[in-house]
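S.K.: Mind having a look at this structure? Questions to follow.
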Amino acid sequence: MFCFVYRRYDRSSSFCAGSTNFKLEAIKAHARSDSHKQTQMRFGATRKPEATVAHKMLMKLNQKTIEQMKILFRSTHALAKHGRPFSDFQWLCSLDEAKGLKLGTAYRNDKRCKDFVKAIAISERNITLSLVEKVQFLSMVSDGSPDSSHREAEICYVRLAVHREIFTKFVGLKNIGKANADGIS
């Protein structure tokens, strides 16, 4: 008999080549040995998580949650895109439930909506950064105007071409002290 883990990693052991000692005590002693435990940990570290039974079970359990989160993120994105207040999120979730979508009861408040918007913004920022890193040239487009409280604000976009495709991406909006060259830069 041989140890599968040893056969893969530790060629020096008798359990690798095959042992003729079929006594139960010898097998238990081998299983308790530090060498076997370390080799087994090495074997476990090389296995892909997708191949484990635990991962497959978690994926089945989490599929329902993932579907719910997709709906919540889409609703949050729609609110943010149309400039709606976060307090509309609960109402929109109730509407989705009335349409037959299963959302569950978690994350259905304006605080979670805010967290979702932040997560979407971080994701979009990372997409823009990856585009900017791929190009050799880009141009910045900037425009200023006062906001509703009459403070000066500057909005910036970056325009770039990646693989013959032109993108204009939002970079940021910032309140500035004065609308002169020093304030803007």
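S.K.: Just going by the charge dipole of segment 90-185, with Lys and Arg at +1 and Asp and Glu at -1 on Cβ, which of 119, 104, 145 is farthest out on the positive end?
M.R.: It is 104, whose Cα lies furthest towards the positive end.
S.K.: Give, rounded to the nearest 20 debye, the magnitude of the charge dipole that segment 84-168 has about its Cα centre when Lys and Arg contribute +1 at Cβ and Asp and Glu contribute -1 at Cβ.
M.R.: So the dipole magnitude of segment 84-168 works out to roughly 340 debye.
S.K.: Could you give the nm distance between label points at residue 29 and residue 105, where each point is 7 Å from its Cα heading toward the beta carbon?
M.R.: Those two pseudo-labels are separated by 5.9 nm.
S.K.: Continuing with the same structure: Could you put 69, 41, 140 in order of accessible surface area, largest first, with the 1.4 Å probe and the full protein assembly present?
M.R.: Working: 69 45, 41 140, 140 115 Å².
Largest accessible area first, the residues go 41, 140, 69.
S.K.: Sticking with this one: If contacts are Cα pairs under 8 angstrom and at least 6 residues apart, what is the relative contact order of segment 104-185 in percent?
M.R.: 20 percent
S.K.: Could you calculate the contour length gain from residue 54 to residue 145, that is, 0.36 nm times the residue separation minus the distance between their Cα atoms, to one decimal place in nm?
M.R.: Between residue 54 and residue 145, full extension yields 27.3 nm more.
S.K.: Can you tell me how much longer the chain between residue 122 and residue 181 gets when fully stretched, taken as 0.36 nm per residue apart minus their C-alpha distance, in nm with one decimal?
M.R.: Computed gain between residue 122 and residue 181 is 18.4 nm.
S.K.: Using only Cα atoms, what Kirkwood radius does segment 98-158 have, in angstroms?
M.R.: By the Kirkwood definition, the hydrodynamic radius is 15.5 Å.
S.K.: Count charges around residue 62 for me, please; just the other residues with Cβ under 13 Å from its Cβ, Lys/Arg as +1, Asp/Glu as -1.
M.R.: +3
S.K.: If you roll a 1.4 Å probe over segment 88-185 with all protein chains in place, what percent of the accessible area is carbon or sulfur?
M.R.: The nonpolar share, carbon plus sulfur, comes to 55 percent.
S.K.: If you don't mind, another one. Contour minus end-to-end for residue 135 and residue 161, with contour as 0.36 nm per residue of separation and end-to-end as the Cα-Cα distance?
M.R.: So the extension gain works out to 8.7 nm.
The values are calculated or read from the model by the stated rules, or taken from the named source; none is laboratory data. If you're wondering where the values come from, they're calculated on a predicted model, not measured in any experiment. We place every Cβ from the backbone using ideal geometry, glycine too, and count neighbours over all the protein chains shown. Just the protein is used for accessible areas: all its heavy atoms, side chains included, with ligands, DNA and RNA removed. Shrake-Rupley method; radii C 1.70, N 1.55, O 1.52, S 1.80 Å.
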